[in-house]
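First up is the structure itself, then whatever we jot down about it.
Derivation of every value follows stated rules applied to the coordinates shown; laboratory data play no part. Computed from a predicted model, the values in this text were never measured in an experiment. Counting neighbours? That spans all protein chains shown, and the Cβs are built from the backbone with ideal geometry, glycine included.
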Amino acid sequence: MKKLFFSGLSAVLLFLAASQQASAHHSFAAAYKMDAPISITGKIVNVRLTNPHSYFFLDVENEQGEIERWSFEAGTPSGMIRGGYTPQQFQEGDTVTINGFRARDGSTNGMLTLLITADGKEWGMFGPRER
């Protein structure tokens, strides 16, 4: 009887642990307004290659002439590196345009779908795009 109880308890605990892990990863559609694309031009402040997703931070001048800090979520660091991205690709102060989707909460956060450098080179969520 004890063995059956502990087997059942173990199964329940494993199920709860697995379901908690699965719910931790979010859907892009839940976090971003996928029906309202945006295009933002600014200067790179920082590029962060950390799991689970990379981030591009930009200083952007708003309509009032004030600087706002935007952050754009991109692909996984390993996916970006496999796609040809290197950390030296973008430097602080580089002007870029990012196309993507704004966060549902209206903040200055977004999801990157396309990054365009001043010389016209295009980068997707996981690396360079060929024309």
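On full extension, the segment bounded by D119 and Q88 gains 9.6 nm, given 0.36 nm per residue less the C-alpha separation. Of all DSSP-defined beta bridges confined to the stretch 30-128, some 90% are antiparallel rather than parallel.
As a proxy for reagent exposure, K121, K33 were ordered by neighbouring Cβ count within 10 angstrom, fewest first; the result is K121, K33.
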